[in-house]
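Working notes, beginning with the structure itself.
The values are calculated or read from the model by the stated rules, or taken from the named source; none is laboratory data. Because the structure is a prediction, the values reported are computed rather than measured. With ideal geometry, Cβ positions are generated from the backbone for all residues, glycine too; neighbour counts draw on all protein chains shown.
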Amino acid sequence: MPHDALAGTGVTIRTADPSDAVAGVQPKWVALPESTEEVAALLRAAAEHDLAVTPVGGGTKLDWGPPPERCDLLIDLCCMNEILEHAAGDLVVRVQAGTTFESLNQQLSTENQELALDIPVPGTTVGGLLATALSGPRRFRYGTPRDLVIGITVVLADGTTAHSGGKVVKNVAGYDLGKLFTGSYGTLGIITEAAFRLHPLPPTRKWVTATYPTPEQNDSPADYATLIGALVTQLAASQAEPSAIELNWSAVSPGYTMSVLLEGTAAPSRAAAIQHAMTNLEISGIEASSGNNPALGLLSRPEITDNPPEWWGDLPDGGILMEIRVPPGSIGPVLRDVASASMSGHVLRGSAASGVLHLAVPDETHLTAIARLRDQVEGIGGRLVVVSGAGNGVDRWGTIGALDLMKRVKARFDPDRRLSPGRFVGGI
Amino acid sequence: MTDLLAGRLREVLPDEAVITDPVRLRTYECDGLTYHRATPGVVVLPETAEQIAAVVRLCQEFRVPFVARGSGTGLSGGALPRSDGVLIVTSRMRRVLSIDLANRRAVVEPGVTNLAITEAVREAGYYYAPDPSSQQICSIGGNVAENSGGAHCLKYGFTVNHVLGLELVTPDGDIVELSEMDAGYDLLGAFIGSEGTLGIATKITVRLSRAPAAVTTMLAAFTTIEGGGRAVSAIIGAGIVPAAIEMMDALAIEAAEAAVRCEYPAGAGAVLVVELDGPEAEVDLQFAEVDRICREAGAFEIRVAASAEERAAIWKGRKSAFAAVGRISPAYIVQDGVVPRTALPEVLAGIDRLQEEFGIRVANVFHAGDGNLHPLVLFDDAVAGEGERAELVSGRILDLCIEYGGSITGEHGVGVDKSRYMPRMFTDEDLDTMQLVRCAFDVGNLSNPGKVFPTPRLCGEIPRVRKEPHPYEAELF
Ligand SMILES: Cc1cc2nc3c(=O)[nH]c(=O)nc-3n(C[C@H](O)[C@H](O)[C@H](O)COP(=O)(O)OP(=O)(O)OC[C@H]3O[C@@H](n4cnc5c(N)ncnc54)[C@H](O)[C@@H]3O)c2cc1C
C-alpha cells in the first residue's frame, strides 16, 4: 500500500484536505520531512508506488501555474527551516529550503548582512523563491535568485540526492545545477538546501519619487511613452548608480509614479543627483528647461524620502497577474501598448530599468486584449507570461524558445513524469 | 590525409577552411595548458553558425568527437583536441554584430575577444564587466564555456551574470537560441560554464555596463602576508565591496619585478591591490576607510594612483604575474583553487608546509576578496623527479581547498586537467546527476568528450545503436 510505504519512511504523514489543493487538485497525503534524507526516503517510496509529487514551501504560490495533471503526495518543507551556517566573514549562508525569506534576513541582519533579493510575497520560503525565481526591485543591481545562489542540494524523482556548487562564491567545478533548478517550478526535483552569496546591508537608503502625467493628462500624447522610456534609460545609465528604478501606474492613479532607490553611505548626495535628473529630462532632440520639463511634465516634483512608497516591491493585486519582460530600453513601447489596450482597472508595476513589469487586470473580459498585448511584447523581443488567476484555457507562456531541449532535460530528470506534471511550460 | 570526412567537410566549408596538413595541424595541438598535447584529426575554420551546424552534423554521421576552440588560452586543457576528431576553431567569427546602448547590450560572434567588446563601447561610457587577465586574446565563446571571471568579479560577478542570450549549435547540429527572457528552465545558466560539452556557442548577447564615475586604485605593502590577510578581512567586515582586492606574496613580487619592473615597495612580504569604483562620493568615503584599515593592519606604504598611467603601473605587476614566474623558474604549474575567504590564513600556512615538505617553491597570487588562489608551483624540469613533486604539491593544494570547504577551480575550469579531482569534491550521485544534463544535450557523447567528468558515462537509450563495425571506421583518419 502506498500509504504504508510512506509511513514506513518514519516521516510525519497526514491525510490531505481541501486546503492542501494545488491549483485545485487535492493530493491524497501530505508529508512533513525534516531533513534531506527524509525527502529522499519519501521520493523513493513515491517512486516505488508511482505516486505523483508536488513540493510546497510556504504555500504562497501554489496557485501559480496550471494545475498538476496528478498529485498524490504533497511534500511540505515547512519543517526544514534551519539556517545551517552563516559564515559572516565569507558573506555566505547555507539554509534549509523551508526557511522563510523573512526569518533568514532577520538572522542575517544581526551581522549587518542580507540576501539582496526583494521577495514580493510574504511567507515565501527559500525553496519557493528558487523554484519560482522570484525577485523584486533590486534585481537591477544584484540580479535574481540565479545570480546569488552558489550551491544547491536537490532530491530527484527516484530519490537520488545531488549537490552542485558549494559554499564559495567563485566556483566553476562541474555543471551549475543551481541555475537549472532555479525557476523550474518543482518539475526537476525537490530543492532541500541552498547556499547564497550575501551582501553587506547598506548603511543608508534613500528613495526619490515623482509622478508624471499619463498620455491622456498630457498635451503631446503621441510620443509620451517614449519620453518616459527615455527617462528610465537615462536614470539607468546614471553614474549615481541607483539600486532600483520602479514604476507604478494604475488605471485610477493620477499618473506614472517613478521611484528610484539609492543605497550606500553617500546615498543622500546621490539622491540629489537623481532628483535633478528626474526634474530635467535631457534627451537629444528634446528641449528641457530648468525646474520643469515642458515636454514631460510633472504632476508631483521628485521628493527624497527615507522610506519607499507604499506600493514598492509588491505585486499588483487583481484577478489575472501577468509578468512582462522586455529589453530594458523598451519600457516606452510597453506603456504605449498597455495604454492603447485600455484595460479598465489595470495596475502596471515593476522594475522599469530591468524591463520586468507585472500587470494585473480584474478578470477574463480582457483576454483578447492580453493576447494582443502578448503579440506586441513579443514583437519587441519580449515575453508575456500569465502568472496566476486565469482559467485553464488560457495560454500561460506564449512563445517558448528551446522547448525541445527543455523537454529532453525533463525526460532525463523525471522520466516517469511524477514531479508536478503539467505545471510548467509546454506541458512539462 | 585522404579521408572521407575531410572530403565531406570540404563540401560544406570553403576549401581553405579545412586543415589537414600535418604541420598546420600541430599549431592547434594544445591550449594554455601546454603539457597536454594531441594533434587534431582535422581542423575547421567556419565563418557561420550554419557551417558549424553542418560540421557537427557530419561529426554525428561519422560518429567522431568534436572540440570547440576559441583563442586557446584555456588553462585546464578544455580545448585539447582529439586525434580522432574535429577541432572547430572560431577565429574567423570575429564580428561585433550589433551594439544597442538603449538596451545595454551587444551581440557578438564567439571569436570576438573579450577586450574588443569593451573597446567597441568605451567611448560611449560603457564596458563589458568580466575581465579575465587574458582579455586581450581570449574569446567570448571561451569565456562562456569557462564562465570566466576576472579581478573585478568580486563586485560584478562572472560571465554567467553578464550573458543575456546565446545562439548555439547543439550536439545534434541544430541551431537553437537561449535567452534570459524565456520562460522555462534556465538552460542559458546551465550552458555557461559547461566547457564546450553541451554544444558550441555561435552568437552571444552580452550586457554592457555603465562605466563608474570614479575609480580609485591603491597599492598597500605589508611586511607579512598575514598583515595583508588581516586587511582583507577587515575591509569585508566593514561592509565594503571593492571592485577588486588582489594579493601577491614575496616570491610573486620578486618574479613580477624581474619581468616587468613593476617597482613595488622594497621589502614587501605581500602587496594588496585594492580598487574601489562607483559614484565619486561613495568612493571617497570608502577610500578613507580602506586606507585606515590597511594602516591599522600594518601597511608600511600605500600608493594611490593619481592617473590612468599610475593605475596601469599598479596593475602591471599583478597582471603579468603568471608569465613573470618564468623569469625565476624554468617551469611552473598555474593552479586555481578556491577557499572560503576566512580560511585563507590556514590554507596559506598549509601551502608553506607543503613547500618545505617537498622542497618545491610556490609563488602565491590571488583574488583575495573571494578566496580564489592562484598558487604558481615552480620547478626545474631538468632536475629528475622535480616535475612529479611539483605535480604532487599542486594536487595537495587542491586537497587543502576541498578540506576547507572550497573548490578545485574558481575560474580556469576542470577540462582534462582536473577531471580526476572531481570525485574528491562530488559524490557519484552528484556526478551522475550532472550527466543527466549532458545526456539531454549530447546523447552520443561527441561534444568535447573526456573533459570535466572523470569517467565517460553512457546515457542509455542511445539512438541508432550500431552492432556492425562502422563502415567508415577503417578509412577515417
Ligand atoms: C595569461 C592568462 C591569464 C588568464 N587569466 C584568467 C582570468 O583572470 N580569469 C579567467 O577566468 N581565466 C583566465 N585565463 C584562462 C582563459 O583565458 C579563459 O578560460 C578563457 O575564457 C579561455 O578563452 P579562449 O577563447 O582562449 O578559449 P579556449 O582555450 O580556446 O577554449 C576554452 C574552452 O572553451 C571551449 N570553447 C571555446 N569556444 C567555444 C564556443 N564558441 N562554444 C562552446 N565552447 C567553446 C573549448 O572547447 C574549451 O573547453 C587566463 C589564461 C591565461 C593564459
State the number of residues belonging to region B:167-198 that are part of a strand (DSSP E or B), surrounded by fewer than 24 Cβ atoms within 10 Å (Cβ to Cβ) and more than 7 Å from chain A (Cβ to nearest Cβ). 2
Give me the residue from region B:124-144 that is in contact (Cβ under 8 Å) with a residue 40 or more places away in the chain and more than 12 Å from the ligand (Cβ to nearest atom) and, out of that set, farthest from B:E411 (Cα to Cα). B:G125
Please find, within region B:334-363, the residue that is farthest from the other protein chains (Cβ to nearest Cβ) out of those that are within 16 Å of the ligand (Cβ to nearest atom) and either more than 17 Å from B:I408 (Cα to Cα) or modelled with pLDDT under 95 (or both). B:A363
Of the conditions (1) without any contact (Cβ under 8 Å) to a residue 12 or more places away in the chain; (2) more than 16 Å from the ligand (Cβ to nearest atom); (3) touching a strand residue (DSSP E or B) at 6+ places or on another chain (Cβ under 7 Å), the single one that B:T224 does not satisfy is (1)
I'm checking my understanding of the structure. Among residues of region B:375-409 that are in a loop (DSSP other than H, G, I, E, B) and of a type in the set (A, V, I, L, M, F, W, C), which one is nearest to the ligand (Cβ to nearest atom)? B:I408
For region B:218-235, what are the residues that are touching a helix residue (DSSP H, G or I) at 6+ places or on another chain (Cβ under 7 Å) and within 14 Å of another protein chain (Cβ to nearest Cβ)? B:G229, B:A231, B:V232, B:S233, B:A234, B:I235
Residues in region B:436-451 that are in a helix (DSSP H, G or I) and either more than 9 Å from chain A (Cβ to nearest Cβ) or touching a Cys at 6+ places or on another chain (Cβ under 6 Å) (or both) total 1
B:A368 - would you say it is farther than 15 Å from A:A173 by Cα, surrounded by fewer than 23 Cβ atoms within 10 Å (Cβ to Cβ) and more than 7 Å from chain A (Cβ to nearest Cβ)? no
Taking the condition within 16 Å of the ligand (Cβ to nearest atom) and in contact with a Pro (Cβ under 9 Å, 6 or more places away or on another chain), does B:G415 pass? no
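This table checks each residue for (1) closer than 30 Å to B:I240 by Cα; (2) free of Cβ contacts under 8 Å to residues at least 40 places away in the same chain; (3) within 21 Å of the chain's Cα centre (by Cα).
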{"site": "A:W64", "(1), (2), (3)": "no, no, yes"}
{"site": "A:C71", "(1), (2), (3)": "no, no, no"}
{"site": "A:C78", "(1), (2), (3)": "no, no, yes"}
{"site": "A:E82", "(1), (2), (3)": "yes, yes, no"}
{"site": "A:E85", "(1), (2), (3)": "yes, no, no"}
{"site": "A:V92", "(1), (2), (3)": "yes, no, no"}
{"site": "A:V95", "(1), (2), (3)": "yes, no, yes"}
Quick one: is B:I175 over 23 Å from B:G125 (Cα atoms), touching a strand residue (DSSP E or B) at 6+ places or on another chain (Cβ under 9 Å) and touching a residue at least 40 places away in the same chain (Cβ under 8 Å)? yes
Condition test on A:V168, is it in contact with a Lys or Arg (Cβ under 9 Å, 6 or more places away or on another chain) and assigned to a loop (DSSP other than H, G, I, E, B)? yes
Checked region B:410-435 for anything at the interface with another protein chain (Cβ under 8 Å from one of its Cβ atoms), in contact with a Ser or Thr (Cβ under 7 Å, 6 or more places away or on another chain) and not in a helix (DSSP H, G or I); matches are B:E411, B:H412, B:G413, B:V414, B:K418
Scope region A:158-188; condition touching a residue at least 60 places away in the same chain (Cβ under 8 Å) and either out of contact with any helix residue (DSSP H, G or I) (no Cβ under 6 Å at 6 or more places or on another chain) or aliphatic (A, V, I, L, M) (or both); matching residues: A:K167, A:V168, A:V169, A:L180, A:S184, A:T187, A:L188
Looking only at region B:72-105, count how many residues are in contact (Cβ under 8 Å) with a residue 12 or more places away in the chain, more than 8 Å from the ligand (Cβ to nearest atom) and within 12 Å of another protein chain (Cβ to nearest Cβ). 3
Out of the residues in region B:146-166 that are touching a helix residue (DSSP H, G or I) at 6+ places or on another chain (Cβ under 7 Å) and farther than 18 Å from B:D186 by Cα, state the one that is nearest to the ligand (Cβ to nearest atom). B:S148
For region A:154-186 the number of residues that are within 21 Å of the chain's Cα centre (by Cα) and facing chain B (nearest Cβ under 10 Å) is 11
Run down B:V121, B:V64, B:V108 and say which single residue is within 14 Å of the ligand (Cβ to nearest atom) and in contact (Cβ under 8 Å) with a residue 60 or more places away in the chain. B:V108
Scan region A:187-215 for residues that are in a loop (DSSP other than H, G, I, E, B) and within 13 Å of another protein chain (Cβ to nearest Cβ) and jot them down. A:T187, A:L188, A:G189, A:L198, A:L201, A:P202, A:P203, A:T204
Under 6 Å between Cβ atoms, at least 6 apart or on separate chains: pull out the pairs that start in region B:246-263 with a residue that is under 9 Å from B:K316 (Cβ atoms) and outside the structural domain of B:G369 (by TED's automatic domain parsing) and end on any residue that is small (G, A, S) and surrounded by 18 or more Cβ atoms within 10 Å (Cβ to Cβ). B:A256/B:G317; B:A256/B:A321; B:A256/B:A324; B:C262/B:A256; B:C262/B:G317
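Per-residue answers, yes or no, for (1) over 30 Å from B:V163 (Cα atoms); (2) buried (at least 19 other Cβ atoms within 10 Å of the Cβ):
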site	(1), (2)
A:R349	no, yes
A:H366	yes, yes
A:T399	no, no
A:M406	no, yes
A:F413	no, yes
A:R417	yes, no
A:G426	no, no
Helices (runs of 4 or more DSSP H) lying entirely in region B:218-310 (those with 2 or more residues that are basic (K, R)): B:280-296
